[in-house]
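Before any comments, here is the structure.
The values are calculated or read from the model by the stated rules, or taken from the named source; none is laboratory data. Keep in mind that what you see is a predicted model, and the values were worked out from it rather than measured. Cβ placement follows ideal geometry from the backbone for every residue including glycine, while neighbour counts extend to all protein chains displayed. With ligands, DNA and RNA removed, areas are computed over all heavy atoms of the protein, side chains included. Shrake-Rupley method; radii C 1.70, N 1.55, O 1.52, S 1.80 Å.
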Amino acid sequence: MVSETSDPLFIAEGWMNNGRAVAIATVVETWGSSPRPAGSQLAIDEDGNFEGSVSGGCVEAEVITTAIDVIRSGEPTMLEFGVADEVAWRAGLSCGGRIRIYLERLG
Amino acid sequence: MRQAAIHLTDLADGRDRVILQNDAVAGELGAAIAQTFAAGRSRLVTANGREFFLNLHQPALRLVLVGAVHVSQTLAPMAAKLGYEVEIIDPRTGFATSARFPETEVIAEWPQDVLTNRPLDRYSALAALSHDPKIDDPALESALEAGCFYIGALGSRKTHEKRIERLRQKGIDDDRLRRVHAPIGLAIGAANPQEIAVAILAEVVQAFRVGSIAEEARN
């Protein structure tokens, strides 16, 4: 549950109304212990500004970097992080969970 | 009427659409959509060999505080932080001032008038805190009628017994009256208005997460 002022989708809408290019990252699947449930969202703009969260801060940096590619290409993509994944381990998904994150450009 | 919606995305091609709770969707996907509304949680499903993400959006939760009292001064900003849309109703103009509640919508009118114009629903919670039956009782009646996911009333067991008797005489049956949480708040030994606010807010969250809406979803 989120209010309109803190919902990443409303923030993304505001950014788009200001002419910024925006991507949305959505947690679509989780296994084991993961900090944010499916449906959690992160809004990212072309400059790497972001609002919301898709993990406890573990994989956000990686998601933001990829989001900028998605904004440029317009092609949606799926990211997967898990304990066995070296990137996730480096990014610190130490909770032992695994998550899939869908990235798409808005508009 | 406020209702839930699902944002459906086909993960293979990125195509998406929005589905309201009463929209008819046929087949395997329709069944998955119905289950997602019932479960109250976003999820990934496979239907007709394709992967879909069903992102459930529920209306913002509303918390109505009846009584612009000391407890409300802590409860209102805390609930707002949690994302609740908070409003305070109290016809006593000496209590219901924006000076006492700088961050919250305060309505200096009778609850029965306000709640007629802005009806409660199942995504609403109501806490009756004024300690005055003339103010609290009509609000509780509205909340019971609307099926709010949480209804609480401040006061001792003795006060509550008298309240139940009054509401019973208004024709509200005991099954419904059992929905009123009283004494209000989780039993954390709250010793002052601020701690009572914490106890009430915890009880509201519990009611939403493991209470009526969540329970319906499990059944």
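A few points about this structure:
- Karplus (6.51, -1.76, 1.60) ³J(HN,Hα), θ = phi - 60°, over the range B:148-154, in Hz, Gly and Pro reported as x: 3, 6, 9, 9, x, 9, 6
- Interface burial for B against A (accessible surface, 1.4 Å probe, total of both chains, Å², rounded to 100): 1200
- About the centre of its Cα atoms, the protein assembly as shown shows a dipole size close to 1020 debye [charges on the beta carbon of Lys, Arg (+1) and Asp, Glu (-1) only; nearest 20 debye].
- Chain B, helix-only ellipticity at 222 nm - DSSP H runs n ≥ 4, -39,500 (n - 2.57), divided by all residues, nearest 500: -12000 deg cm²/dmol
- Residues of type lysines that B:Lys134 reaches as a straight line, Cα spacing below 20 Å, ignoring anything fewer than 8 places off in the same chain: B:Lys158, B:Lys162, B:Lys170
- Beta bridge orientation in the protein assembly as shown: antiparallel %, DSSP, nearest 5: 65
- Around the amide H of B:His181, modelled in the peptide plane, lie the amide H atoms of B:Ile151, B:Gly152, B:Ala153, all under 5 Å away and 5 or more residues distant in sequence or on another chain.
- Karplus-derived HN-Hα couplings along the range B:47-62 (A = 6.51, B = -1.76, C = 1.60, θ = phi - 60°), whole Hz, x at Gly and Pro: 9, 6, x, 10, 8, 10, 9, 9, 9, 8, 10, 9, x, 4, 6, 10
- To the nearest 10, the accessible area of B:Val18 is 100 Å² with a 1.4 Å probe.
- Accessible-area rank, largest first, for B:Phe208, A:Phe50: A:Phe50, B:Phe208, with all protein chains present and a 1.4 angstrom probe.
- Prolate/oblate/rounded call for the range B:131-219, Cα gyration tensor, a/c under 1.5 rounded: oblate
- For the range B:1-45, heavy-atom accessible area (probe 1.4 Å) falls by no less than 50 Å² from the chain alone to the full protein assembly at B:Leu11, B:Leu44.
- Whole-percent carbon and sulfur share, accessible surface of the range B:5-57, 1.4 Å: 48
- Shown are B:Arg168, B:Arg163, whose ranking by accessible area with a 1.4 Å probe and every protein chain present, most to least, is B:Arg168, B:Arg163.
- Under a Gaussian network description of chain B, with springs only between Cα atoms under 10 Å, the residue in B:Ala202, B:Ala47, B:Ala60 that fluctuates furthest is B:Ala47.
- Tensor-based shape of the protein assembly as shown (alpha-carbon gyration tensor, a/c under 1.5 rounded, otherwise prolate or oblate): prolate
- Accessible surface for the range B:1-137, divided over its residues, is 46 Å² per residue with a 1.4 Å probe.
- Entry comment: accessible area of the range A:15-61 is 42 Å² per residue, from protein heavy atoms only and a probe of 1.4 Å.
- Amide H contacts for B:Ala47 (H built 1.01 Å from N in the peptide plane; partners 5 or more residues away or on another chain; cut-off under 5 Å): B:Phe52.
- Prolate/oblate/rounded label for the range B:62-214 (Cα gyration tensor, a/c 1.5): rounded
- Probe 1.4 Å, all protein chains present, accessible-area order of B:Asp23, B:Asp132, largest first: B:Asp23, B:Asp132
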